[in-house]
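Shown next, in structure tokens, is the structure this report addresses.
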Amino acid sequence: MMRTDTGYTLGAIVERFGGELIGDADIVVNQVAPLSSALSGHISFLTNPKYRRQLQDCKASAVILSVAEHDATDMPRILSDNPYAYFAKVSGLLNPKRAEAPGIHSTAVIDQTASIPASVTIGAFAFVGASVKVGEHAVIGSGCHLGEGVEVGDDSLFYPQVVVYQGCVIGKRAILHSGVVIGADGFGIAMENGCWIKVPQIGRVVIGDDVEIGANTTVDRGALDDTIIEDGVKLDNQIQVAHNVRIGAHTAMAGCVGIAGSAKIGKHCTVGGGAVILGHLEIVDRVNISAGTLVTKSITKVGTYTSVMPFSMHQDWLKNAAHLRHLDKMAEKLSELEKKISELERKNLE
Amino acid sequence: MMRTDTGYTLGAIVERFGGELIGDADIVVNQVAPLSSALSGHISFLTNPKYRRQLQDCKASAVILSVAEHDATDMPRILSDNPYAYFAKVSGLLNPKRAEAPGIHSTAVIDQTASIPASVTIGAFAFVGASVKVGEHAVIGSGCHLGEGVEVGDDSLFYPQVVVYQGCVIGKRAILHSGVVIGADGFGIAMENGCWIKVPQIGRVVIGDDVEIGANTTVDRGALDDTIIEDGVKLDNQIQVAHNVRIGAHTAMAGCVGIAGSAKIGKHCTVGGGAVILGHLEIVDRVNISAGTLVTKSITKVGTYTSVMPFSMHQDWLKNAAHLRHLDKMAEKLSELEKKISELERKNLE
Amino acid sequence: MMRTDTGYTLGAIVERFGGELIGDADIVVNQVAPLSSALSGHISFLTNPKYRRQLQDCKASAVILSVAEHDATDMPRILSDNPYAYFAKVSGLLNPKRAEAPGIHSTAVIDQTASIPASVTIGAFAFVGASVKVGEHAVIGSGCHLGEGVEVGDDSLFYPQVVVYQGCVIGKRAILHSGVVIGADGFGIAMENGCWIKVPQIGRVVIGDDVEIGANTTVDRGALDDTIIEDGVKLDNQIQVAHNVRIGAHTAMAGCVGIAGSAKIGKHCTVGGGAVILGHLEIVDRVNISAGTLVTKSITKVGTYTSVMPFSMHQDWLKNAAHLRHLDKMAEKLSELEKKISELERKNLE
């Protein structure tokens, strides 16, 4: 963990982010740290009561707690209704985005029709195509490729080796990690006489503001209309978003999720790692999909959805798995037995 | 959706692709569009009867229909036995591959022993190794890396940042999207005394003609013999093809599929998104694997195969999942009950 | 398969790697090959008895066998307790890592504060940031990006277009394939009022010695503490390792595995392709996870674990899948029947 250069007093932090301070407002903290490894100068946090015991030996200079935990320690502390969000904000204050010196690296290739404000940073070996528009204070990392007509919003940060195909639009304050590919062709193919004919993909990808996209995630351009990612969406690594998908605002997806073509995901949803969502279906707002779940139909009702085969020791699994192929027969047998028993009961009553 | 520069008359389209034209042959169309958003100058299409109603308000200048739908509208229309393939061809006509000016970007690094015809386009920061052979009219995007001895067929298109390791061979008219890695080492390791020893991967990847490979897909080189992708195969994004796999001609795979080592997939197969195919097995021609399915054994018979746990509300899933671990006991109980009932029935007959 | 320049006598091989030679020690072999396609000059191997018949027509100059198979052929042969590991070593001898001429390509951009010994090779368009330390004889491929303060151990090999974010540490003899991204931000977000706040990821990735990482695999940096990959770990392609994961020494994972945040995987484990391991759990040493398995809880006992829904013809699956949603009712019915039968039996005894 890197040490930050500057610290903030607890007083300054509470002034900025609210919360109730119990303790000396002049104490200075310069980094966040977990309870178990924090040292003097660190501010730590407790969000899960099961770690409460770690407060005892905690060497941090201060700690962020929920209001309910206000007397869990004598340490200098900040009480918050939402200590994890509070911690996130304090960490953001202590660990600001790296300031990059504005300017275009001498090795970058920039089309003369591109619009690049003086506040922008462009790294080595970056390629910026014709008619590209980059917003103020944006950072385009080394080796990035922005195709013709791409638009990038203010304050966006592209790590090295992001590729954005022609015509795609990315909002403000985006964070795109290395290996992200935006706007590759959707998987559009038509069958004729046993061969596949390519369907040109003439839509774009349009991404709202405050979107973060993890390393090696891919978002395909639309077949005819656009693929849309709304404001505040957070995508982890290795996710595949197919053509004409729409992801609603403030939805978050963990790693390795796959979303098939034209699926519409609501706002404020969460999708667990490795889940697969089939195409041409709709999921309403505020739905949670569990990790590893395959969604095969539209979801019209708020809630958490799961399709997971529980894991077990292989030898136990073997015993059970055999029956999975024969549930239909088990159900039939059960029905037969029911009939036979009714018959026996009837006879017994006679 | 971008507007194309040039239009074609319906007469010219029918002359080129066949089909029956009902309406004015001189009508000009310059772009494809969905029924719901098409405007004048667009040609639309109906392939799914459930959208038939959209014909009523459709503003397109013409529409492609199946022969069966010939009187579903009064609009100028082209009737085809396969309207989706027809649409694909019309879209391909109206949206041709971008013409790139031939030439090698001044920043590209090209080994002097590489063979690069004058019709080839090579982008900025591309690296072309010793003895590479690039076919006529091929386009190698910015930042691509072609290792020593790589061969690329005529008219192939590599988007930015494709990597092809040494010795691999790619056929004609290939389309490789950004982030594709061809020919990395297969996962060959041998265990000795608790440590893994690397098995050198000395095969190649050999890819036929008319193959498209989606963004961030990886195809590993063979351990001893080659990994083979036959003609006309279409791979979506984020797919992993392990060493010594063979994928038969005209097979298509959706995103996030994983294929383990030495699996042999037949021709004209389809594999749904997120499916996993284990190693050292064979799948015959014309097999369809459903999305999310894990194929653990060879498939010797044409058909569709599925292994999906249906998803449900989490609380319903919880109730059912508990029994998944105890199917064996359920089956046992069922057998016991059957015996007891037979016994009871026998006694009742006595 | 490429032919190597130099050969070794069987005598020299046995002298180097042990094993018992039966046959002429002066026979020279210059490449490894499978039994079925080996030619004169090749050395082949038999590790699976089911291929024993192929020995009959094998044209190799020699073969590696287990001690048990010592008389399975009359060919010149080397007997080993572990013929696959022996083969791996012979192949490594005959197919050494490509010798790269040391030196920095003229197009590479190297910060003047980076430490690059003269024995290092750095390819075209590579970017090496401030304070980077590269070990002796390391090879950094074309287009790689090493962020500020990255450390790379001796004899490591980075294929083209690997990205390592600032501050990450990679041990000796690492092999990182193209598209690997080390040290991107972990997926840390906190919810406040319906919006996600980014949690800065201030840990690093620390990778031990002798680690190989496959193409397009991603390993995220820690949120506060580091993400750790211990010595001898082998990761295949398209794997996602989330923040604060620890992977124990000599553990191997096949392609497309996803590991969620803070999971601790033991030493000497194996994880099959497409498996998903949820976060904040622990798996002890020497555990095997089957392909496609979702691990939802800690594993405290050595063994093999599986959670796979068996695949079947789609129509059979349909019949069975219907019951998967109603196992709870099946179990209830079964209990009811048990009661009724007990009742009937009691009455019959009366």
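Among the conditions (1) outside any loop (DSSP other than H, G, I, E, B); (2) under 20 Å from A:VAL245 (Cα atoms), the only one that A:LEU337 does not satisfy is (2). Residues that are surrounded by 18 or more Cβ atoms within 10 Å (Cβ to Cβ) and under 25 Å from C:ARG221 (Cβ atoms) do occur in the stretch A:125-134.
Determine if the stretch C:143-152 includes at least one residue that is within 10 Å of chain B (Cβ to nearest Cβ) and either at pLDDT below 95 or surrounded by fewer than 23 Cβ atoms within 10 Å (Cβ to Cβ) (or both). For the stretch C:143-152, residues within 10 Å of chain B (Cβ to nearest Cβ) and either at pLDDT below 95 or surrounded by fewer than 23 Cβ atoms within 10 Å (Cβ to Cβ) (or both): absent. Tell me whether the stretch C:102-124 contains one or more residues that are among the charged types (D, E, K, R), away from every other protein chain (no Cβ under 14 Å), surrounded by 14 or more Cβ atoms within 10 Å (Cβ to Cβ) and out of contact with any Phe, Trp or Tyr (no Cβ under 6 Å at 6 or more places or on another chain). No: the stretch C:102-124 contains no residue that is among the charged types (D, E, K, R), away from every other protein chain (no Cβ under 14 Å), surrounded by 14 or more Cβ atoms within 10 Å (Cβ to Cβ) and out of contact with any Phe, Trp or Tyr (no Cβ under 6 Å at 6 or more places or on another chain).
Residues that are crowded, with 17+ Cβ neighbours inside 10 Å, more than 7 Å from chain C (Cβ to nearest Cβ), touching a helix residue (DSSP H, G or I) at 6+ places or on another chain (Cβ under 9 Å) and small (Gly, Ala, Ser) within the stretch B:284-335 comprise B:ALA321, B:ALA331, listed in sequence order. Of the residues A:SER36, A:SER40, A:SER44, the single one that is surrounded by 21 or more Cβ atoms within 10 Å (Cβ to Cβ) and either modelled with pLDDT under 95 or of a type in the set (S, T, N, Q) (or both) is A:SER44. Could you please let me know if B:GLY279 is over 17 Å from C:ASN320 (Cβ atoms), free of Cβ contacts under 8 Å to residues at least 60 places away in the same chain and in the same structural domain as B:ARG246 (by TED's automatic domain parsing)? Yes, satisfied. Inspect all residues belonging to the stretch C:57-67 and state whether any of them is surrounded by fewer than 22 Cβ atoms within 10 Å (Cβ to Cβ), free of Cβ contacts under 8 Å to residues at least 24 places away in the same chain, of a type in the set (A, V, I, L, M) and away from chain B (no Cβ under 14 Å). No, the stretch C:57-67 contains no residue that is surrounded by fewer than 22 Cβ atoms within 10 Å (Cβ to Cβ), free of Cβ contacts under 8 Å to residues at least 24 places away in the same chain, of a type in the set (A, V, I, L, M) and away from chain B (no Cβ under 14 Å). Step by step: first the residues of the stretch C:215-239, then only those that are away from chain B (no Cβ under 12 Å) and of a type in the set (Val, Ile, Thr), then the one that is surrounded by the most Cβ atoms within 10 Å (Cβ to Cβ). Which residue is that? Among those that are away from chain B (no Cβ under 12 Å) and of a type in the set (Val, Ile, Thr), it is C:VAL219. Candidates A:GLY183, A:GLY203: the one that is of a type outside the set (A, V, I, L, M), touching a Leu at 6+ places or on another chain (Cβ under 6 Å), farther than 24 Å from C:ALA190 by Cβ and assigned by TED's automatic domain parsing to the domain that holds A:LEU281 is A:GLY203. The strands (runs of 3 or more DSSP E) located wholly in the stretch B:197-271 that include 1 or more residues which are of a type in the set (Asp, Glu) occupy B:218-220. Just so you know, in the stretch B:178-219 the residues that are touching a helix residue (DSSP H, G or I) at 6+ places or on another chain (Cβ under 7 Å) and of a type outside the set (A, V, I, L, M, F, W, C) include one that is nearest to C:THR218 (Cα to Cα), and it is B:LYS198. Just name the residue that is surrounded by the most Cβ atoms within 10 Å (Cβ to Cβ) out of those in the stretch C:157-205 that are on the phi > 0 side of the Ramachandran plot and within 12 Å of chain A (Cβ to nearest Cβ). Only one residue tops the list, namely C:GLN161. Selection over the stretch B:151-163 of residues that are without any contact (Cβ under 8 Å) to a residue 24 or more places away in the chain and over 20 Å from A:GLU148 (Cβ atoms) gives a count of 6. Of everything listed in (1) modelled with pLDDT of 95 or more; (2) farther than 30 Å from A:VAL205 by Cβ, the single unmet condition for B:ASP71 is (1).
The values are calculated or read from the model by the stated rules, or taken from the named source; none is laboratory data. The structure presented is a predicted model; accordingly, all values stated were derived computationally and were not measured. Please note: Cβ atoms are built from the backbone with ideal geometry, for glycine as well, and neighbour counts cover all protein chains shown.
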